Amino acid sequence: IGTHESLNNVEMKDVIDFTNANYVPQHATMMVVGDFTGEQIGPMLQNAFPMELLVNPELPEDAPLVDQSYCQARVDSDVEVDVEAWLEANPPIDREISYHKAGVEKKTAIMAWSLPGGYRQDQPLMEITANMLTSAVATYLNPDFDARTDSLDSLSNVGCWLNAEEHGSTATCFIEMSNSADPEDVIEKAADGLYQLWNFNNRPYMRAIFGNAKNSQMAGVFRTVDEISSLFSERATSTALFTHFTGKGQYFANVFNSLFHVDEGKAVELAQNFLHRDRYVAVVLEPYGQDDIVVDSSDAEYHGKT
């Protein structure tokens, strides 16, 4: 959300200009869910929002308010990424481990790898491969953990996932450790486990972590059906984001079709290209001490209020 310095330099004019340039109808996708018919949607929206927020000026004047046949594609989901060109254009900028105070209970390392943008054919592949990171890293940090027999749900100190965005995605792992541990040693040990993603000498292990990750990803998609709408996920949000970027309304059909076609070889290839020790960046978060906590507003300054 920015630093004190960046927030203090935000002026009201910056906020107004950004809002006027970006929060416009042609940039919006609305997903409406509930117990009603399609014919009721138009009047409902007109009662809830001003017309200038509902009508896309790029559409003809006589276009229906609710036109399910029209949706702008903001990402060409059928284009395959040129891996070599992408890697050359997107190297890690600063690989020096940085340290920050944060609201964490335990010292925590965050490792991250950049990947191509999401909402394309290979997003499920990236999600499954990022999920496999959990097993690879946990195997080296937890000697008693066996990915072939143990559930990932049993892990509390390691977790990896994919944050998919329009222009670039990020595979991220968090690693909690004791406050006496050397975080750089822990990060190095976690990096040692990355080869497990393509360890051809132990194919049963690779197949196990791939199968676990694929099943976990499919289960996660199924869970989004249980709840219709929430702030960050579930059926409406997942469908709205997918439709907003791809122009396709059938989120579940598309994502499951892609998941079914992800195989172990593709996951290994993606890991070899993107998820190795030369491409991660890392930060270490340390718990606040008593002297770090400010209980008044003495260090607050906000210039944009005028």
Exercise. Can you run down the residue pairs with Cβ atoms below 6 Å, 6 or more apart or on separate chains, where the first is in the range 10-22 and surrounded by 11 or more Cβ atoms within 10 Å (Cβ to Cβ) and the partner is part of a helix (DSSP H, G or I)?
Key: Val10/Gly304; Glu11/Gly304; Met12/Gly304
Quiz item: Looking only at the range 148-164, which residues are in contact (Cβ under 8 Å) with a residue 12 or more places away in the chain and outside any loop (DSSP other than H, G, I, E, B)?
Solution: Leu152, Val158, Gly159, Cys160, Trp161, Leu162
Quiz item: If you take just the helices (runs of 4 or more DSSP H) that sit entirely in the range 192-279, which of them hold at least 1 residues that are exposed (fewer than 15 other Cβ atoms within 10 Å of the Cβ) and β-branched (Val, Ile, Thr)?
Solution: 203-226
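Matching residues to (1) over 18 Å from Gly118 (Cβ atoms); (2) touching a strand residue (DSSP E or B) at 6+ places or on another chain (Cβ under 9 Å); (3) of a type in the set (Ser, Thr, Tyr):
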position: Asn215; (1), (2), (3): yes, no, no
position: Glu227; (1), (2), (3): yes, no, no
position: Thr239; (1), (2), (3): no, no, yes
position: Thr243; (1), (2), (3): no, no, yes
position: Gln250; (1), (2), (3): no, no, no
position: Val255; (1), (2), (3): no, no, no
position: Asp263; (1), (2), (3): yes, no, no
Quiz item: Residues Ala171, Ala181: which one is surrounded by 14 or more Cβ atoms within 10 Å (Cβ to Cβ) and out of contact with any Cys (no Cβ under 8 Å at 6 or more places or on another chain)?
Solution: Ala181
Quiz item: Residue check: is Glu127 at pLDDT 90 or above, part of a loop (DSSP other than H, G, I, E, B) and in contact with a strand residue (DSSP E or B) (Cβ under 9 Å, 6 or more places away or on another chain)?
Solution: no
Quiz item: If you scan the range 123-147, which residues turn out to be in contact (Cβ under 8 Å) with a residue 12 or more places away in the chain, open to solvent by 20 Å² or more (accessible area, probe 1.4 Å) and either within 17 Å of Trp198 (Cβ to Cβ) or of a type outside the set (D, E, K, R) (or both)?
Solution: Gln123, Leu125, Asn131, Thr139, Tyr140, Leu141, Asn142
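The values are calculated or read from the model by the stated rules, or taken from the named source; none is laboratory data. Everything numeric here is computed off the predicted structure, so don't read it as measured data. When we count neighbours, we look across all protein chains shown, and the Cβ atoms used for this are built from the backbone with ideal geometry, even at glycine. These accessible areas exclude ligands, DNA and RNA; they are computed on the full protein's heavy atoms, side chains included. Shrake-Rupley method; radii C 1.70, N 1.55, O 1.52, S 1.80 Å.
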